[in-house]
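Q: Quick one: the structure is below, questions incoming.
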Amino acid sequence: TSMIIMTSDQCLIEKLKKKVALLSRSSAETCVQLSRAKLERCEKTNAELVQLGVSQIARMDGPAILKQARDLAQQAEAALSAQDFHAARTHARDSMQMLRILQRSQWREATRTLSSAMTSPYTIAYSTLPDHWQMISKIGRSGKNIESNLLRSGDFEDIDTMVVERWKHEQSAIEGTEAIAELYPRDKKSGDFSLRLLAAPLSRQHMPAHIEGPLVKVTTPPLAVRSGQIVHVTGWVKVSSPITGNPQGATFQDSIMGPGGALHWNTQSDWQKIDMIREVPQSDNLILTLSLNGMGSILFDDLRVIAYTPEPKLYQQTNAAETPPLLESENENSDGFNLLKKLPKLGPFPEKE
């Protein structure tokens, strides 16, 4: 963000120049420190991805991008030592821009098959991408230890079964509104029913402007899971009418990550897939919570919970100089190749007055 000041007051201009001069050093030092920290973080994460053998971008394009970012960071350090604060900030900024491009590319590579960035707890931050790939590897080692659907009544076809299995339903309708949860036959993804959460004003003239807390909430039965397991929750959701009055909209959360890992919906939509993968830190009960936090309507259907129990990893002696095997789909035309050629060219430095 830049600020333009138009004035004929020479005294004010001189004061501003002195102020800028005072801030130039600290501003440049901060930028250089940030670029140094970001470079170290990206080098560490890229090295971990290469070691895991899961990212062709990390292996094919990462070294070249990191070299450019490193060169720019070194130029920023040199400019700072020479007290050329403008050049130091510019070089540091360009170094961080290169690193952001690498981060974004590797993040997209990890999430390209996920329905949401919140599907995996480890795709929320760049530095935990190696943890995401390790979790996916564990799922691959669970072929012989997959527990069938733990949530048998997640198809919402039988209210009696839901009662027996201890589904819970809470309503907190505010004055002038009604809130319900029901098995709904008129719109479903499959079978005869879906679960509908609905909150509506009793009169259009008294529409609440702001709503706090869920108006209607449904929780699943407690599902026993064991430490070290990986749980994959799937299902379908449809926002049949926009959810207003609360920015939280409708939420779908698990008891492992809580509100911080919740999926959110506000705008009207057709049926869309729900995907949620969680590692179980300790043996406990997993509970899913479906909440409607504003005025509107949302449908859920075909909720399933699959538990994977990974087998121990078998370590094999390999030649360190051996080239890692090609990833599936790795070829000269793949999107991961020649990423460096696709990067925007950095513009020339503006003239310093």
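Q: If you build a Gaussian network model of the chain, linking Cα atoms that sit under 10 Å apart, which residue out of 86, 206, 264 swings the most?
A: For the chain, modelled as a Gaussian network with Cα springs under 10 Å, the answer is 206.
Q: What is the diffusion coefficient of the stretch 10-115 in µm²/s, taking the Kirkwood radius over Cα pairs and the Stokes-Einstein relation at 25 °C with a viscosity of 0.890 mPa s? Write out the running numbers ahead of the final one.
A: Numbers: Rh = 15.2 Å.
Calculated translational D: 162 µm²/s.
Q: Below 17 Å, Cα to Cα, which aspartates and glutamates can residue 189 reach? Residues fewer than 8 away in the same chain don't count.
A: 155, 157, 158, 270, 275, 301, 302
Q: A follow-up question, please. Taking the Cα centre of each part, how many Å lie between the stretch 212-272 and the stretch 87-111?
A: If we compute the Cα centre of each part, the gap is 33 Å.
Q: Tell me the label only: which of (1) 17.5; (2) 21.0; (3) 26.8 is mean projected area of the Cα convex hull in nm² as calculated from this structure?
A: Correct label, based on the coordinates given: (3).
Q: Can you list the equivalent-ellipsoid semi-axes of the stretch 146-308, largest first and in whole Å, using the square root of 5 times each Cα gyration tensor eigenvalue?
A: 27, 17, 14
Q: To continue, here is another question. What do you get for Rg/Rh of the stretch 249-305 when both radii come from the Cα atoms and Rh is the Kirkwood radius?
A: Computed over Cα atoms, the ratio is 0.98.
Q: Here's something else I'd like to know. Using a Gaussian network model of the chain whose springs link C-alpha atoms within less than 10 Å, name the residue from 106, 205, 229 with the highest mean-square fluctuation.
A: Of the options given, 205 has the highest mean-square fluctuation.
The numbers here are math on the coordinates, done by the rules we state, and not lab data. No experiment lies behind these values; they were computed from the predicted model shown.
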